[in-house]
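The values are calculated or read from the model by the stated rules, or taken from the named source; none is laboratory data. In this text, all values refer to a predicted model and were calculated from it rather than measured experimentally. A quick note on method: Cβ atoms are made from the backbone with ideal geometry, for glycine too, and the neighbour counts reach across all protein chains shown. SASA here: full protein model, heavy atoms, side chains in, ligands and nucleic acids out. Shrake-Rupley method; radii C 1.70, N 1.55, O 1.52, S 1.80 Å.
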Amino acid sequence: MNWVELVGYVASALIVVSLTMTSVVRLRLLSLTGALVFVVYGALLPSVPIILTNTAVIAVNAWFLRRELGPHRNLGAVPIAPDAPFLQDFLLAHADEIRRIWPTFGTLGEEDFVLLLMRDGLPAGALAGHRDGSALRLTLDYVMSAYRDSRIAAWLYTGPGVRLLRDGGIDTVIVEHPVPGHTDYLRDLGFRSVDGTLVKEL
């Protein structure tokens, strides 16, 4: 194997690995990187079809990444009743992943505050908690893996979506039993540690 072939194998590996990604953003980034390496490979051969095809792949991935990470993302959230059949079906469909991320989550109470998180008009996650005056004690903060890099949480806690929490009479969000892997993500969103809990003032 010469070094030119090695470049081709690296490009192929990146494309294959990108297809295993559950995150849309990571899939696009790896696919774009693989296409870039394929352009280099095509130039080394040289092969115009390889260069043209992968230049097109780069452009497509760049366009979708700009849409996914840009300021005009179609993010949203809607209040929903805890016992709404659609919500219950959504939680059941993602029960295994929710259990891994929020092992303390059980069932929703009748008085719980619940938001269904949306991406491009489709359900992407759910946020739920118990009210404690003007504070919301989170019992669930889940986003599907495909949309986890779309910054839905940043939109909700620090962006335009915070209005939905404030309109619901909530000015503080509290996480009493943060999961280790979830803690850094919450701190990046402005949560601070207070007596073993994480607190975010809106």
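Values for this structure:
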| quantity | calculated |
| --- | --- |
| Per residue accessible area of the range 46-202, 1.4 Å probe, in Å² | 54 |
| Cα long-axis angle, helix 24-44 against the chain (0 to 90 degrees, to the nearest 10) | 10 |
| Cβ charges +1 (Lys, Arg) and -1 (Asp, Glu), total dipole of the range 10-125, debye | 760 |
| Residues in the range 25-64 reached by a label modelled at Leu19 [backbone nitrogen below 19 Å; 7 Å Cα→Cβ] | 25-39, 50, 53-58, 60-61 |
| Mean projected area (nm²) of the alpha-carbon convex hull when the range 7-79 is viewed from all directions | 5.5 |
| Dipole in debye (nearest 20) - the chain, about Cα centre, beta carbon charges: Lys, Arg +1; Asp, Glu -1 | 720 |
| On Cα atoms only, tilt of 3-18 relative to the major axis of the chain in degrees | 30 |
| Charge dipole of the chain about the Cα centre (unit charges at C-beta), most positive-ward option of Val162, Val17, Leu91 | Val17 |
| log10 of Debye I(q)/I(0), alpha-carbon scatterers only, for the range 24-63 at 0.15, 0.18, 0.35 Å⁻¹ | -0.30, -0.42, -1.08 |
| GNM result for the chain, Cα springs below 10 Å: residue of Thr53, Thr22, Thr139 fluctuating most strongly | Thr53 |
| Estimated FRET transfer efficiency when R0 is 30 angstrom, pair Glu97-Leu202 (beta carbons, to 0.05) | 0.65 |
| Spin-label pair Leu52/Thr107, simplified geometry with 7 Å Cα→Cβ offset, distance in nm | 6.2 |
| Overall Cα dimensions of the range 1-137, principal axis frame, Å, largest first | 67, 31, 26 |
